[in-house]
1. Of the residues that make up segment B:421-432, is at least one more than 26 Å from the chain's Cα centre (by Cα), among the hydrophobic types (A, V, I, L, M, F, W, C) and facing chain A (nearest Cβ under 8 Å)?
2. Got at least one residue in segment B:100-119 being away from chain A (no Cβ under 14 Å), more than 28 Å from B:Ala45 (Cβ to Cβ) and part of a helix (DSSP H, G or I)?
3. Is one or more of the residues making up segment B:369-376 among the small types (Gly, Ala, Ser), surrounded by 19 or more Cβ atoms within 10 Å (Cβ to Cβ) and within 14 Å of another protein chain (Cβ to nearest Cβ)?
4. As an exercise: evaluate A:Pro69 against (1) within 10 Å of chain B (Cβ to nearest Cβ); (2) modelled with pLDDT of 80 or more and give the number of the one condition it does not meet.
5. Give B:Met109, B:Met161 a once-over and let me know the one that is over 21 Å from B:Val238 (Cβ atoms) and either acidic (Asp, Glu) or in contact (Cβ under 8 Å) with a residue 24 or more places away in the chain (or both).
6. Could you tell me whether any residue of segment A:13-30 is surrounded by 13 or more Cβ atoms within 10 Å (Cβ to Cβ), under 24 Å from the mean Cα position of the chain (by Cα) and at the interface with another protein chain (Cβ under 7 Å from one of its Cβ atoms)?
7. Can you name every residue in segment B:182-201 that is farther than 22 Å from B:Gly410 by Cβ, more than 16 Å from the chain's Cα centre (by Cα) and assigned to a helix (DSSP H, G or I)?
Amino acid sequence: MRNTDRITAVLLLVVSAAFAAGALKYYKWWGHDGPGPAFLPFWLGVVMSCLAALMLFRRTHPTPVSLLPQGGARTRVVVVLGVTAAFIALLKVLGMVVGTALFLVVLVRYLGRHPWWLTIAIALAAAGANWLVFVYWLRVPMPEGMFWTF
Amino acid sequence: MMAVAGVLVGMLIGALPGVGPPSGVALLLPLTFGMEPTSGIIMLAAMYAGTMYGGTITSVLINTPGESASVVTCLDGYQMALQGRAGPALGIAAIGSFIAGTIGVVLLMLVSPLLARWALSFGPPETFALMLLGLTTVTMLAGEDPLKGYISMVLGLMLAMVGFDIISGDARYGFGVPELIDGIDFLPVAIGLFGLGEVLAGAEEKTAQMKISLRLREVLPSLADWAQSKWAIARGTVLGFLVGVLPGAGPTVASFLSYTVEKKVSKTPERFGKGAIEGVAAPESANNAAATAAMVPMLTLGIPGSATTAIMLGGLMMWGLRPGPLLFEKNPQFVWGLIASQYIANVMLLIASTALIPLFVRALRIPYSILMPLIILFCVTGAYSLKNNLFDVGQMLVFGVIGYFMKKLGYSPAALVLALVLGPLAERALRQSLIISDAGLGIFFTRPISAVLMVLALAAVAVPLVKWGRTLFSRT
């Protein structure tokens, strides 16, 4: 915890310093009748730097927590995140309906080891319901992909 | 009709483990986009009420509070469930919520117009001071570590700076990305932090299945239960409303306070923590009264009292409604519609919660392995349907990861979202004030209302600092 807090503090310090400096460099500090667009961002950067410095140098620390869990839990978090990212990245190619169904099949099967028929039934039902609510009922145009046109 | 659907969907979402009211409302907000404003708002209000109660169901049955406001309910609610009295616990919570919610709506009707009229005299300095007070108090109460709370808040404000500057029209921090010119929308951020972040945190554990069975008969509390908790409900309602009206305090503080009060006035305080029905009735009434009361500052001043109301506020702004004192003059039909729908939502909640609890309990039996992918799907579609672009979805994913780490490291996503929503408004108020005063900071302290609010806001910052200084002093 001590270390993660320190690393976060250093990161925040760098980001906020860049934030404040960027404000001064690229935007006007003072408009023609009052503070300009750089005014508040600059001060926010300064305040954040102070907070980060406080965290970097303070002595009291709460109970320790590790940043990433170990073993199976870590694998699960990484896989869930990876599959979700892939789903989002492929949405344009696969389209909402096909993409959703595939995403659900992969993730439900991975997490639960349910029988294939159940996994596929859930995926189809959810993809269908999702389409029904958002596209048919609420008229949100979803990505269609290359396999499906409405 | 919309109210009915909203309550049901809200309860269902709220009853899912790991999805509390802020995530519930954030996830459901996109559902209202396709509707006309009035039905959208009614549905939103109903979902708000529904998710609040949904959180109670998980507190009592599986000892997992949906959000901080129902943490206290776990203490005695889960104990009651272990003793086989889950039914009466949920029943008294529903009845208490109904009574508190109804009285809350009546008080909301009486207090809001007065407050709005008073707030009409507010200039930019008062608005800024009020927002500062809202931000600092929410942050102060957000978590165990005030420093991390403030870091989350300032981070939210920094994110709010991205996009067009309202006064000069300059685009800031866009890095040439066209999607960033309009700024960072709060909804993908909220869905990411609350929805996806929670799911990722939940992915760590293989949650055990609960076996629970309930029937309608078992949901109704007995006469003895009722006699035992009627004053607890009354006290909880009054206390809850008073606390809820304060900007920044909200349902969580209300529920903790009322639990403490109940324990103090009880003749048998030793029963608390071991399944005392008053320990469920009082905080549940209080958090519902406070949830209704939190609408008062949100509607009249534009300052939300909790993460959930912050998301509601963002939702209202998407409809082009700017909450604040003028709302009562410009859109009276909307305000009264919202208030009326709150009332209907309360009635619906009572009926739905007593009649359908057994059904909702089944939702808890769906294994997490199926639930989790479905929640992620909801996050993705929700983020997408805001503006129909994938950039928002990517943003949601990034904030999901940030939310996961924030949760693990003890930062406060609620403070971040609140700051993101209030940021642009606060900046405008600040700069207008400084233009009026010719860049003197004195303007915030020479006007009486603004001065009082500023002092309170600064006190909220000073308290944790003083405490921190003291621990440092005692160590050396």
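The values are calculated or read from the model by the stated rules, or taken from the named source; none is laboratory data. Being a predicted model, the structure only gives us computed values, none of them experimental. Every residue, glycine among them, receives a Cβ derived from its backbone with ideal geometry; neighbour counts consider all protein chains shown.
1. Filtering segment B:421-432 down to residues more than 26 Å from the chain's Cα centre (by Cα) leaves B:431-432.
Filter once more, so that each one left must be among the hydrophobic types (A, V, I, L, M, F, W, C): none.
No, segment B:421-432 has no match at all.
2. As a first pass, look at segment B:100-119 and keep what is away from chain A (no Cβ under 14 Å): B:100-119.
In the following step, the residues that additionally are more than 28 Å from B:Ala45 (Cβ to Cβ) were identified as none.
Looking through segment B:100-119, none of the residues is away from chain A (no Cβ under 14 Å), more than 28 Å from B:Ala45 (Cβ to Cβ) and part of a helix (DSSP H, G or I).
3. We begin by selecting, within segment B:369-376, every residue among the small types (Gly, Ala, Ser); these are B:369.
Checking which are surrounded by 19 or more Cβ atoms within 10 Å (Cβ to Cβ) leaves us with B:369.
Those still in the list that are within 14 Å of another protein chain (Cβ to nearest Cβ) too: B:369.
Yes, segment B:369-376 contains a residue that is among the small types (Gly, Ala, Ser), surrounded by 19 or more Cβ atoms within 10 Å (Cβ to Cβ) and within 14 Å of another protein chain (Cβ to nearest Cβ).
4. (2)
5. Working: B:Met109 fails: over 21 Å from B:Val238 (Cβ atoms).
The match here is B:Met161.
6. Yes: one or more hits.
7. The answer is B:Pro188, and nothing else.
Residue-wise test of (1) assigned to a helix (DSSP H, G or I); (2) in contact (Cβ under 8 Å) with a residue 24 or more places away in the chain; (3) β-branched (Val, Ile, Thr).
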{"position": "B:Val421", "(1), (2), (3)": "yes, yes, yes"}
{"position": "B:Ser433", "(1), (2), (3)": "yes, yes, no"}
{"position": "B:Phe445", "(1), (2), (3)": "yes, no, no"}
{"position": "B:Val466", "(1), (2), (3)": "yes, no, yes"}
